[in-house]
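Everything below concerns the one structure shown next.
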């Protein structure tokens, strides 16, 4: 299924990109390179609303399963706190939490407020406490989390009521700068409009519990200050596609809904926290052409993804997610231009390359193109950068790189 009405491309074809690590598949819904351990914990903390906070921690490990030894050699790992939906403890999401952790995240699943009545502000306080507890444990050489949590900003991820709990937490916590929602249950919270980080609100077209036009879509519409915001919707998806067990009450089979949850949750977090924007080819570019998805978004800090394929001749596929109505220029090179950067023009050496696209982005803010490159030495590094312009304001993307085939 084509995702954007009016998606403009000049590509002749596109191949799905393979990640560099050998031995595992390239699709974001497939397992990442890390085995995943799980630990169930209970603790008390002054920031918590409940006297006892239970949680499940999913972490990169030396082997899979409960109690596996943490992989500290490749840490520390960026922290993601997960807040469940109504009547659904973290154990109901094990496959999804494992999946995100397998890409190098420390996933903290708060396990309180799982009864018939979910107190959303309490869930927010307990998740807040869990974040600080994990950070404290990460500094304790007697704890299994020692050396595992990375410092700095946190990501938050929530399902249904758990999405609303995240925005309660923003009332008193400013270290959260990446938010991923799935089938979020919307409440009127001022922190939605004030959030300045990056937001993905994933919805399901057939969600009868939290209909998207009153919930997941509204989170996206109200996040007017977000640097990046995107609303992917699963066509035929319901409310519980991220849970381990099927309901089979929606037009799209549960295994497909779960696959798309794995794709979009892990892909978004990898792009936004790990800087792996090339994965966006599978979420917003030609790698998702046949998926039952619609996507709408605004990226005031534009995202760039690339893929180099073929050798006779080599082909470059490049995509940009920016703002509707802006103008974009793309360029490639085999060398960098260290004298320039965000304040001084392209950071790649156009003397060893060329611009290859100058055009208006159009109403979607998204496009992808494929061009034929000149003959270049195999194994050299190809660099690509884009510049978008709205009025007098210019914004450069990251410098993407890929080995030439």
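The values are calculated or read from the model by the stated rules, or taken from the named source; none is laboratory data. Here the structure is a predicted model, which means the values were calculated and not measured. Ideal geometry is used to build each Cβ from the backbone, glycine not excepted, and the neighbour counts take in all protein chains shown.
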Could you tell me which of the residues 327, 359, 352, 398 is surrounded by 13 or more Cβ atoms within 10 Å (Cβ to Cβ) and more than 30 Å from residue 294 (Cα to Cα)? 352
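Restricting attention to region 321-345, which residues are at pLDDT below 90 and within 17 Å of residue 392 (Cα to Cα)? So that I can check it myself, show each step before the final result.
As a first pass, look at region 321-345 and keep what is at pLDDT below 90: 325, 337-345.
Answer for region 321-345, where residues must be at pLDDT below 90 and within 17 Å of residue 392 (Cα to Cα): 325, 342, 343, 344, 345.
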Quick check on my filter: what residues within region 238-281 are within 21 Å of residue 213 (Cβ to Cβ), touching a residue at least 12 places away in the same chain (Cβ under 8 Å) and either part of a loop (DSSP other than H, G, I, E, B) or more than 20 Å from the chain's Cα centre (by Cα) (or both)? 238, 239, 240, 241, 242, 250, 251, 252
Of the residues that sit in region 363-376 and are modelled with pLDDT under 90 and surrounded by fewer than 16 Cβ atoms within 10 Å (Cβ to Cβ), which one is nearest to residue 398 (Cα to Cα)? 363
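So if I check each of 132, 93, which one is in contact (Cβ under 8 Å) with a residue 24 or more places away in the chain and surrounded by fewer than 24 Cβ atoms within 10 Å (Cβ to Cβ)?
Working: 93 fails: surrounded by fewer than 24 Cβ atoms within 10 Å (Cβ to Cβ).
Unique residue meeting the criteria: 132.
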Scanning region 388-405 residue by residue, those within 25 Å of the chain's Cα centre (by Cα) and within 14 Å of residue 353 (Cβ to Cβ) turn out to be 399, 400, 401, 402
Filter region 184-200 down to residues that are touching a helix residue (DSSP H, G or I) at 6+ places or on another chain (Cβ under 6 Å) and in a loop (DSSP other than H, G, I, E, B) and give me whichever is surrounded by the most Cβ atoms within 10 Å (Cβ to Cβ). 184
Please determine whether any residue of region 164-180 is closer than 29 Å to residue 240 by Cα, touching a residue at least 60 places away in the same chain (Cβ under 8 Å), assigned to a helix (DSSP H, G or I) and assigned by TED's automatic domain parsing to the domain that holds residue 242. yes
